[in-house]
Each structure stands twice: as C-alpha cells, then as structure tokens.
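*Asks:* What follows is a structure written as structure tokens; I'll ask about it next.
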Amino acid sequence: MIELFRRHPKTVGETYWQHLRFAARTGGAMVAGGGACVIHGVLPFLFVTVGSRTIRRLAHRLERRPPAKAATALPAAGPARSA
C-alpha cells in the first residue's frame, strides 16, 4: 500500500514529502490566482496582472522539473464481492 504513495513522486525524482510540498504550493498558487481572476472579472480595476503573472510563474516552475517517467498503471480492481 505504501508503494502507491511513493510511485509517482519517484518518477519525478522526489520523495513523498517533497512532492506533497510542491503539489500543495502549486495548487495553492492556482487557487489564489484563479480567485484573483474571478475578482478581476467583477472589479476590473483590481488584480489586473495577477492571473497572467501566476500562470507565467507556475509554467516556469513546472518547466524546471524533470519530466515524469511513464508511471505504471495501477492494478485493475477485481469484481466486487458480495458478502
């Protein structure tokens, strides 16, 4: 079971905790940038460049990462058993 938590992070050369930190920071930036874009849509004088700056920063961060090696598929779930 623990291998399921380590498989993908290993494909990008990270430990589980390193990957968790990177994913959480990236996701948080996406949420914050998206929120700024929604507010900007309603109030166009606010957050004028936040969305585009967030996208550029995240793209740069992701381009520096090594590409993920092809991950092996998870084993298919068998038929459901009834009790």
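*Asks:* Look at ALA70 and say whether it is among the small types (Gly, Ala, Ser), open to solvent by 60 Å² or more (accessible area, probe 1.4 Å) and at pLDDT below 95.
*Replies:* Yes, satisfied.
*Asks:* Report yes if HIS19 is in contact with a helix residue (DSSP H, G or I) (Cβ under 8 Å, 6 or more places away or on another chain), closer than 19 Å to ARG64 by Cβ and open to solvent by 60 Å² or more (accessible area, probe 1.4 Å), otherwise no.
*Replies:* Details: in contact with a helix residue (DSSP H, G or I) (Cβ under 8 Å, 6 or more places away or on another chain): yes; closer than 19 Å to ARG64 by Cβ: yes; open to solvent by 60 Å² or more (accessible area, probe 1.4 Å): no.
Here the answer is no, as HIS19 does not meet what is asked.
The values are calculated or read from the model by the stated rules, or taken from the named source; none is laboratory data. On a predicted model such as this, the values are computed, not experimentally measured, just so you know. In this analysis, Cβ positions are derived from the backbone assuming ideal geometry, glycine residues included, and neighbour counts consider all displayed protein chains. Note: accessible area is taken over every heavy atom of the protein model, side chains too, but ligands, DNA and RNA are not part of it. Shrake-Rupley method; radii C 1.70, N 1.55, O 1.52, S 1.80 Å.
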